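Just so it is clear, none of the values below were taken in a lab; they were calculated from the coordinates. These numbers come from a predicted model, not from an experiment. In this analysis, Cβ positions are derived from the backbone assuming ideal geometry, glycine residues included, and neighbour counts consider all displayed protein chains.
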Amino acid sequence: MNYNANEWCIILSLIAGSFLVLKLPRRFSKKTTCVYLICGVFFGFLFDHTLSVLPVSYYVINDSTSFELMDFLSHVMYAPISYLFFYLYDYFNIKSAYSLLYILIWAFVSAVIERFCVMIGIFHYQHGYSIFYSFVIYLLVQSFWVVFYRMIQTYGEKHY
């Protein structure tokens with residue numbers, strides 16, 4: 001199979017992200033780590049499939065409109081990113097007063113990463129979609145993640 005830049009970027013991102021997750025000092029239990037990894041996959045899958053399918057179809061993922069293995073791997077690619085979001089939030093012990101700034105920084109970083117993904121062909125915008133819509137989605141998702149993190153910290157693992 002011939003891979004082009006978008007497939008290689010997905011593969012390399014998965015390798016680098018997995019290496020990062022495995023090499024970072026452990027901050028969470030295995031259960032919580034899995035939940036934080038799944039957050040990225042779930043929300044990536046949710047929004048990509050809400051926005052990239054008919055009737056809206058605001059963008060195409062990878063090289064075709066059909067769902068392929070690389071499309072699945074592109075969703076798994078979000079796992080290390082979400083884990084890093086939670087990891088750094090915990091590591092820097094972000095206080096509630098600075099959560100908005102943290103979310104804004106991450107939404108900007110996420111938009112820059114997505115812009116790169118557009119440039120190499122992972123996403124192909126159509127029907128007037130732009131990175132500004134994604135920025136708003138990142139703000140919403142990452143705000144939810146902060147609330148979710150706070151819930152886990154407050155109520156502990158035994159409640160979920």
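Around Leu69, under 14 Å between beta carbons, what's the net of Lys plus Arg minus Asp minus Glu among the other residues? Please report the intermediate quantities before stating the final value.
Details: positive: none; negative: Glu7, Asp63, Glu68, Asp71.
Its environment carries a net charge of -4.
Taking a span of 30 Å or more along the helix axis (Cα atoms) and a mean Kyte-Doolittle hydropathy of at least 1.6 as the rule, the DSSP H helices of the chain that qualify are 96-120.
Cα convex hull of the chain: mean projected area in nm², to one decimal? Can you show the working numbers first?
Working: hull surface 39.9 nm².
Reported value for the Cα convex hull: 10.0 nm².
Would you mind working out the magnitude of the charge dipole of the chain relative to its Cα centre, with +1 at each Lys and Arg C-beta and -1 at each Asp and Glu C-beta, to the nearest 20 Debye? Before the final figure, lay out each step's value.
Numbers: 9 positive and 8 negative charges, 166 e Å.
So the magnitude is around 800 debye.
A simple packing score, the average count of other Cβ atoms within 10 Å per residue, orders the peptides 128-138, 88-98, 36-46, 103-113 as 36-46, 103-113, 128-138, 88-98, with the highest score first.
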